[in-house]
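Novice: Here it is: the structure, laid out below.
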2 protein chains.
Amino acid sequence: VIKRLAIVGVGLIGGSFALALRRAGVVETVVGYGRSAANLETAQRMGILDAVTTTVAEAVQDADLVCIAAPVGAVPGLLAEIAPALHDDAIIIDVGSTKQGVIAAARAALETHTRIGQFVPCHPIAGAEDSGAAAARTELFQGRAVIVTPLPENTAATLARVTALWQACGARVTLMEAAHHDRIFAAVSHLPHLAAFALVAELASRPEAETFFLHAGSGFRDFTRIAASHPEMWRDIALANRDALLTELDAYQAQLATLRTLLATNDRERLSELFARASHARRSLTLTLDKS
Amino acid sequence: VIKRLAIVGVGLIGGSFALALRRAGVVETVVGYGRSAANLETAQRMGILDAVTTTVAEAVQDADLVCIAAPVGAVPGLLAEIAPALHDDAIIIDVGSTKQGVIAAARAALETHTRIGQFVPCHPIAGAEDSGAAAARTELFQGRAVIVTPLPENTAATLARVTALWQACGARVTLMEAAHHDRIFAAVSHLPHLAAFALVAELASRPEAETFFLHAGSGFRDFTRIAASHPEMWRDIALANRDALLTELDAYQAQLATLRTLLATNDRERLSELFARASHARRSLTLTLDKS
């Protein structure tokens, strides 16, 4: 049982994590820290938090579990601030969508103060367009995957403890190497977000934007849903995973350029081939994906 | 009441149109023509068709309403084949996603044989990834928009008759100029399909494709759903609306290139701005779109 859980950044993920652990009966007190007083107030009203603090150091003092759930760009600064205040036995996790940058920041901040082995990098695959404490819900992680990218310094006991916590939230835990994680998510998550942001931003900049959107059907709705995501959170993710993402963006632009040539030269056959390859691949995924 | 309805191309749209008109009690006999005998058999078993014909000319003979619901690339050839066989008073509609090309084909085929004014170009906004008669359902058009791009030769009586038929299917009819229609749908439908096909085709071509797809979350699922669409149907749409689509594709690629520069140069501020513009625009659409 966790006596004191500190949530640093009480949004969709941090808030849902607290709610899920409460429901599982494995946490006694939850303390929260965040930038927005209004958001923290919402979190208290929703029963996510027992108390809020005005500094992040105060929040983590005496905590036996610290969950850093702020946008990844804010994580290095937060880690530096909390490091001197951490309890010796505290376990620290983050929930960011990129892992190599966070790990480097954790090494920089924690190695001199406490054992870096108590930091466990996590990535729950449970994003949504909605953000803030108001969007948090107990069931968010139910049946979802959480990817843990362990450090060589993590002990088996620490990893087992963090795994058990995610399982208590209803999630299944997968282990993966951090660089591999970042490359995979550049392709299947970060690039699609960028592609959707770009398409909607481009249309929104036109004088006829409203007429265009008025006629959008269900295909447009699904394709662009992720473009409603939190701008700062995604700016941070894009910059934190910049190298892998630039590689993906280049591959995507090259594929679009190929497609443009096929279209401009009326190449029916190769256009069919390209569409068929995509359609076949996406259909083979339907059973797996559309159930989750 | 329609005594004899001919469905040319008995897929999702053609099949659902027949089912909806039957349910509304405004059609007596439905005859179908299509390339696939297995698909026509399914349509008969589902009660979509009363009879099938082996030639398209046979299907439209004595029909008072002809619905051409084949991929747009096949429409010119079909129109040329049916023109000599059409009943003098027959109304002909199509349901293609692009309108200028179909209208040109209809003029070429129908002007010498019958009154071009009896051809009414329609576009029901009710696509789906599933295709074929098996995907047809009575409720497909319920609450959906159908865009009609009238010809100057259409009489008010003909337009009123076609409008009433779509309304009997539960749809609402909007009138629009054909060129305007094609430009709007290049932006909000054809480009998103191309963008999704390109992304999935690119990932599917990698040796690690399976690992990538295994870790795809709900964002990827929604973003790529339209990449499961019918390859030939979308090849035809892309080629039929090529000029407008190339313009959209160029604007999209320019926006992606801008985004790439912002990312490569670590431009936090303008990256936030671009994402925020997209997020704001998409959020303002949520109420309208996610209800449909």
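The values are calculated or read from the model by the stated rules, or taken from the named source; none is laboratory data. Since this is a predicted model, take the numbers as computed values, not measurements. Positions of Cβ are backbone-derived with ideal geometry, glycine not excepted, and every protein chain shown enters the neighbour counts. To get the accessible areas, we keep the full protein, side chains included, count just its heavy atoms, and leave off ligands, DNA and RNA. Shrake-Rupley method; radii C 1.70, N 1.55, O 1.52, S 1.80 Å.
Novice: At 25 °C and 0.890 mPa s, grab the translational diffusion coefficient of the stretch B:193-274 from Stokes-Einstein with a Kirkwood Rh over Cα pairs, rounded to a whole number in µm² per second.
Specialist: The diffusion coefficient I find is 164 µm²/s.
Novice: One quarter of the convex hull surface, Cα atoms only: what value does that give for the protein assembly as shown in nm²?
Specialist: 27.3 nm²
Novice: Something else now. What are the label-to-label distances in nm, one decimal and shortest first, from A:THR55 to the same spot in the other copies, with labels 7 Å along Cα to Cβ?
Specialist: In ascending order, 9.1 nm.
Novice: So how exposed is B:THR54, as accessible area in Å² (1.4 Å probe, rounded to 10)?
Specialist: Counting only protein heavy atoms, B:THR54 exposes about 120 Å² to solvent.
Novice: Between copies, how close do the A:ALA134 label points come, placed 7 Å along Cα→Cβ, listed in nm from shortest?
Specialist: 4.5
Novice: Now for a different question. Taking chain B as the reference, fit the longest principal axis to its C-alpha atoms, fit the long axis of helix B:12-23 to the helix C-alpha atoms, and give the angle between the two in degrees, 0 to 90, nearest 10.
Specialist: The angle comes out near 50 degrees.
Novice: Continuing with the same structure: Between B:GLU58 and B:ARG35, what's the calculated FRET efficiency when r is the beta-carbon distance and R0 is 22 Å? Round to 0.05.
Specialist: 0.90
Novice: Here is a further query. Largest first, what is the accessible-area ranking of B:LEU214, B:LEU285 with a 1.4 Å probe?
Specialist: B:LEU214, B:LEU285
Novice: Ignoring everything but the protein chains, give the 1.4 Å probe accessible area of B:TRP234 in square angstrom, nearest 10.
Specialist: Taking all protein chains as shown, B:TRP234 has close to 20 Å².
Novice: Ok, one more. Can you pull the one-decimal nm distance between simple spin-label points at B:ASP250 and A:ALA168, each 7 Å off the Cα toward Cβ?
Specialist: Output for this residue pair reads 6.0 nm.
Novice: I've got another one for you. What is the sum of charges around B:TRP166, taking Lys and Arg as +1, Asp and Glu as -1, for the other residues whose C-beta is under 12 Å from the C-beta of B:TRP166?
Specialist: Cβ neighbours under 12 Å give a net charge of +3.
Novice: Let me ask you something else. Gap in Å between the Cα centre of the stretch A:27-49 and the Cα centre of the stretch B:32-97?
Specialist: 63 Å
Novice: Summed for both chains, how many Å² of accessible area, to the nearest 100, are buried between B and A with a 1.4 Å probe?
Specialist: 8200 Å²
Novice: On the protein heavy atoms, probe 1.4 angstrom, tell me the percent of accessible surface of chain A carried by carbon and sulfur.
Specialist: 51 percent
Novice: Compute the long axis of helix A:100-110 from its Cα atoms, compare it with the longest principal axis of the Cα atoms of chain A, and write down the angle in degrees, 0 to 90, nearest 10.
Specialist: For helix A:100-110, the angle is close to 20 degrees.
Novice: Along the stretch B:150-166, what does the Karplus equation 6.51 cos²θ - 1.76 cosθ + 1.60 (θ = phi - 60°) give for ³J(HN,Hα), rounded to whole Hz, x for Gly and Pro?
Specialist: Running phi through 6.51 cos²θ - 1.76 cosθ + 1.60 with θ = phi - 60° gives x, 8, x, 7, 5, 7, 4, 5, 5, 4, 5, 5, 5, 4, 4, 5, 5 Hz.
Novice: ³J(HN,Hα) across the stretch B:51-64 via Karplus (A = 6.51, B = -1.76, C = 1.60, θ = phi - 60°), whole Hz, x for Gly/Pro?
Specialist: So the J values, rounded to whole Hz, are 8, 10, 10, 8, 10, 6, 4, 4, 4, 8, 4, 6, 6, 9.
Novice: Show that you can apply the helix-only estimate: for chain B, add -39,500 (n - 2.57) for every DSSP H stretch of four or more residues, divide by all residues, and state [θ] at 222 nm to the nearest 500.
Specialist: -15500 deg cm²/dmol
Novice: Using the Karplus equation 6.51 cos²θ - 1.76 cosθ + 1.60 (θ = phi - 60°), what ³J(HN,Hα) coupling, rounded to whole Hz, does each residue of the stretch B:224-241 give in order, writing x for Gly and Pro?
Specialist: Once rounded to whole Hz, the list reads 9, 3, 5, 6, 8, 5, 5, x, 5, 4, 6, 4, 4, 4, 4, 6, 5, 10.
Novice: Out of every Cα pair in chain B, what percent are spaced more than 36 Å from each other?
Specialist: 22 percent
Novice: Still on this structure: Calculate the spin-label point distance for B:HIS180 paired with A:LYS3, positioning each point 7 Å from the Cα along the beta-carbon direction, and give it in nanometres.
Specialist: The answer from the label model is 7.1 nm.
Novice: A further question follows. Can you give me the Cα centroid spacing of the stretch B:235-284 and the stretch B:100-124 in angstrom?
Specialist: Here the answer is 35 Å between Cα centres.
Novice: Using a 1.4 Å probe and ignoring any ligands, DNA or RNA, find the accessible area of B:MET176 and quote it in Å² to the nearest 10.
Specialist: Accessible area of B:MET176: about 20 Å².
Novice: What does the accessible area per residue of the protein assembly as shown come to in Å², with a 1.4 Å probe and no ligands, DNA or RNA counted?
Specialist: Value returned for the protein assembly as shown: 39 Å² of accessible area per residue.
Novice: Report the dimensions of the stretch A:85-189 along its three principal axes from the alpha-carbon atoms, largest first, rounded to Å.
Specialist: Projected onto the principal axes, the Cα atoms of the stretch A:85-189 cover 37, 29, 26 Å.
Novice: To one decimal place, what orientation-averaged projected area in nm² is obtained for the convex hull of the Cα set of the stretch A:8-160?
Specialist: So the mean shadow area of the Cα hull is 8.2 nm².
Novice: Determine one quarter of the surface area of the Cα convex hull of the stretch A:135-292, which equals its mean projected area, and express it in nm² to one decimal.
Specialist: 12.8 nm²
Novice: Give the nm distances, rounded to one decimal, from B:GLY117 to the matching residue in every other copy, measuring between label points 7 Å along Cα toward the beta carbon; shortest first.
Specialist: 8.9
Novice: Follow-up question, since we're still on this one. Largest first and to the nearest Å, give the Cα extent of the stretch B:1-47 along each principal axis.
Specialist: 29, 17, 15
Novice: Using the Cβ atoms and a cut-off under 14 Å, what net charge is assigned to the surroundings of B:LEU40, where Lys and Arg are +1 and Asp and Glu are -1?
Specialist: With Lys, Arg at +1 and Asp, Glu at -1, the neighbours total -1.
Novice: By Cβ position, which chain A residue lies least far from the axis that rotates chain A onto chain B, and what is the distance to the nearest whole angstrom?
Specialist: A:ASP222, 2
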